[in-house]
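Comments concern the structure below.
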Amino acid sequence: MAVAMVAVDVAMVAVDVAMVAMVAMVVMAMDAAAHSATEDAGPMDSAEEFL
């Protein structure tokens, strides 16, 4: 039983991580779109800002 509970916990953490990653990608895409709309900076410029 304990092993099954640990497996469920691990699965829930994996789902949380996936959701956070999806939200982060959406935020980055929106931020890049806003930069492209407001500035005439190329995609490489916004990529350098993230790094």
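According to a simple spin-label model (label point 7 Å from Cα along Cα-to-Cβ), what is the distance in nm between Val26 and Val6?
Spacing of the two 7 Å Cα→Cβ label points: 3.4 nm.
If you rank Met28, Met5 by fewest surrounding Cβ atoms within 10 Å, what's the result?
Listed from fewest to most nearby Cβ atoms, that is Met5, Met28.
Any read-out appearing in this document is the output of simple, stated calculations on the displayed coordinates, not a laboratory observation. All figures in this text were calculated on a predicted structure; none of them were measured in a lab. Note that each Cβ is placed from the backbone with ideal geometry, even for glycine, and that neighbours are counted across all protein chains shown.
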